[in-house]
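Peer 1: The structure under discussion is supplied below as structure tokens; questions concerning it will follow.
The values are calculated or read from the model by the stated rules, or taken from the named source; none is laboratory data. This one's a predicted model, so the numbers in the text were calculated from it and none came from an experiment. Neighbour counts run over all protein chains shown; Cβ positions are idealised from the backbone, glycine included. Remember, those area values only see protein heavy atoms, side chains included, never the ligands or the DNA or RNA. Shrake-Rupley method; radii C 1.70, N 1.55, O 1.52, S 1.80 Å.
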Amino acid sequence: MNFHTRKWIKPEDLNPNGTLFGGRLLEWIDEEAALYAIIQLENPRTVTKYMSEIDFRSSAKKGDIVEIGIEATAFGTASLTLRCEVRNKMTREIIISIERIVMVGLDEDGKAQAHGKTQIEFVKDRLEK
């Protein structure tokens, strides 16, 4: 799994318990999944269709740094399925894991659009073509 994004936990990211607010973390995950899928599918109109069970395993506190990892697990006709793991960079504990996030590329009318992709592509490889 590639961990591309790090977030520093600040006071505005905390819940009343003084730990990382789950909604904030889900916002970060959704954004990371969208960015990953947009780049892979080469479609800026890519949206979140589905997230499987969300398993909060530990937390983070103010000042901690968390890493968001995304991994592609399957390509559909118009979709890309991802897996996500977020870990605390300081303690190395897994904070959350989500086994399935399905992202779908849309056309101008908001309908699912086939993308023709079957495997991960890296931008550097596209530039060589």
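Peer 1: Using the Karplus curve 6.51 cos²θ - 1.76 cosθ + 1.60 with θ = phi - 60°, what ³J(HN,Hα) values do you get for each residue of region 80-93, in whole Hz, with x for Gly and Pro?
Peer 2: Karplus-based 3J(HN,Hα) across region 80-93 equals 9, 9, 10, 10, 10, 9, 10, 10, 7, 4, 6, 9, 6, 6 Hz.
Peer 1: Same structure, new question: Accessible area per residue for the chain in Å², computed with a 1.4 Å probe and the full protein assembly in place, what is it?
Peer 2: With all protein chains present, the chain gives 59 Å² per residue.
Peer 1: Using amide H atoms built 1.01 Å from N in the peptide plane, name the residues 5+ places from Ala60, or on other chains, whose amide H lies under 5 Å from its own.
Peer 2: Under 5 Å from the amide H of Ala60 lie the amide H atoms of Leu20, each far enough along the sequence or on another chain.
Peer 1: Leaving ligands, DNA and RNA out of it, work out the accessible area of Asp107 with a 1.4 Å probe and give it in Å² to the nearest 10.
Peer 2: 40
Peer 1: Please list 3J(HN,Hα) in residue order for region 58-67, calculated via the Karplus relation 6.51 cos²θ - 1.76 cosθ + 1.60 where θ = phi - 60°; whole Hz, with x for glycine and proline.
Peer 2: Once rounded to whole Hz, the list reads 7, 9, 9, 10, 3, x, 5, 10, 10, 10.
Peer 1: Okay, next question. Tell me what the chain gives for mean residue ellipticity at 222 nm when only DSSP H runs of n ≥ 4 count, each as -39,500 (n - 2.57), the sum divided by the residue total, rounded to 500 deg cm²/dmol.
Peer 2: About -6500 deg cm²/dmol.
Peer 1: Okay, next question. Return the long-range amide H neighbours of Arg45 (sequence gap of 5 or more, or a different chain), with a cut-off of under 5 Å between placed amide H atoms.
Peer 2: Answer set, sorted by chain and number: Leu106.
Peer 1: Which parts of region 58-81 would a label at Ile39 reach, counting a residue when its backbone N lies under 14 Å from a point 7 Å out along Cα-to-Cβ?
Peer 2: From region 58-81, the list is 68-72.
Peer 1: Continuing with this model, one more query. Just to be sure I understand: with springs between alpha-carbon atoms less than 10 Å apart, which residue in Met90, Met51, Met103 has the highest mean-square fluctuation in the Gaussian network model of the chain?
Peer 2: Evaluated over the chain, the most mobile residue of the options is Met90.
Peer 1: Note the full-extension length gain between Lys49 and Glu93 as 0.36 nm times their separation in residues minus their Cα-Cα distance, in nm to one decimal.
Peer 2: 13.0 nm
Peer 1: Carbon and sulfur atoms: what percent of the 1.4 Å accessible area of the chain do they account for?
Peer 2: That share works out to 50 percent.
Peer 1: Please work out how much length the chain gains when fully extended from Glu31 to Asn15, using 0.36 nm per residue of separation minus the C-alpha to C-alpha distance, in nm with one decimal.
Peer 2: Value of the extension gain: 3.8 nm.
Peer 1: Here is a follow-up. Working with all protein chains in place, sort Phe21, Phe75 by solvent-accessible area computed with a 1.4 Å probe, largest first.
Peer 2: Result, largest first: Phe21, Phe75.
Peer 1: Another question about this same structure. Convert each backbone phi in region 44-54 into a coupling constant with the Karplus relation 6.51 cos²θ - 1.76 cosθ + 1.60 (shift: θ = phi - 60°), then list the ³J(HN,Hα) values in order as whole Hz, x for Gly and Pro.
Peer 2: x, 9, 9, 10, 7, 9, 7, 10, 6, 3, 9
Peer 1: Then there is this: So what's the angle, to the nearest 10 degrees on a 0 to 90 scale, between helix 22-41 and the longest Cα principal axis of the chain?
Peer 2: 20
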